[in-house]
Amino acid sequence: MPGVDPYNLDPAFERAVVTMACSKPRFWGLVGHAVEPELVALPAARDALLAARAVARDLGRGPDSLLVVLQRLRRWLEEGKATHEQIVAVSDLFDAAQDAGLPTEDSAASEVAPVLRYRMQHEAVKSMIDNFAKRGDLAGVASAITKAAALGTAS
């Protein structure tokens, strides 16, 4: 998302959110799936989220173990898509988050959901303006706004 400012999350909170997105399917369903890798500040967080997204695409749900995310990165290492340094950095990110103590899924989701919701709504409004100017269909925009409103709620 070029031209979009990164999330302004505290680094320790960002590590916690990413760690939970990579290990707790319920958290992934609430908000983790909506965290844009390009908008996190920490490069290791971006790498972890990219691996978690790949795992989620394969499983149909968020990853349930940090080991699965690390293994995906190792798989990418073998394919020439990741480096050993990236894997170490992601592992260190997970360790730092766990050492600091993870918040509950609900408290972290309720704190990050408004940030994500605003970004989703912002993108929907931009899309609506673009589609309206081109006399395009606005049904997708309505769907995006509905998704943004539901973000962070259990379905």
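Here residue 81 is the anchor, and the lysines within straight C-alpha reach of less than 29 Å, apart from those fewer than 8 places off in the same chain, are 24. Surface analysis of the chain yields an accessible area of 55 Å² per residue, using protein heavy atoms and a 1.4 Å probe. Of the GluC sites (Glu not before Pro) in region 1-81, the ones in a loop by DSSP (not H, G, I, E or B) with at most 14 other beta carbons within 10 Å are 79. List the lysines whose Cα lies under 24 Å from the Cα of residue 134, skipping any in the same chain that are fewer than 8 positions away. Excluding near neighbours in sequence, the set is 126, 147. Positive contributions from Lys and Arg (+1) and negative ones from Asp and Glu (-1), summed over other residues with Cβ under 12 Å from the Cβ of residue 38, come out at 0.
For the pair residue 58 and residue 105 in one chain, pulling the backbone fully straight at 0.36 nm per residue adds 14.6 nm over the alpha carbon distance.
Adding -39500 (n - 2.57) for every DSSP H run of four residues or longer, then dividing by how many residues the chain holds, sets the calculated 222 nm ellipticity at -22000 deg cm²/dmol. When each of the peptides 46-58, 108-120 is scored by how many other beta carbons lie within 10 Å of its residues on average, the order from highest to lowest is 46-58, 108-120.
Extension gain for the segment residue 71 to residue 133, taken as residue separation times 0.36 nm less the Cα-Cα distance, is 17.8 nm to one decimal. For Rg/Rh (Cα atoms, Kirkwood Rh), the candidate list reads (i) 0.97; (ii) 1.21; (iii) 1.00; the entry that matches the value derived from this model is (iii). Using every pair of separate Cα atoms, the Kirkwood estimate puts the hydrodynamic radius of region 1-47 at 10.8 angstrom.
The values are calculated or read from the model by the stated rules, or taken from the named source; none is laboratory data. Bear in mind the structure is a predicted one, so any value in this text is a computation, not a measurement. With ideal geometry, Cβ positions are generated from the backbone for all residues, glycine too; neighbour counts draw on all protein chains shown. Please note that ligands, DNA and RNA were not included when accessible areas were found on the heavy atoms of the full protein model with its side chains. Shrake-Rupley method; radii C 1.70, N 1.55, O 1.52, S 1.80 Å.
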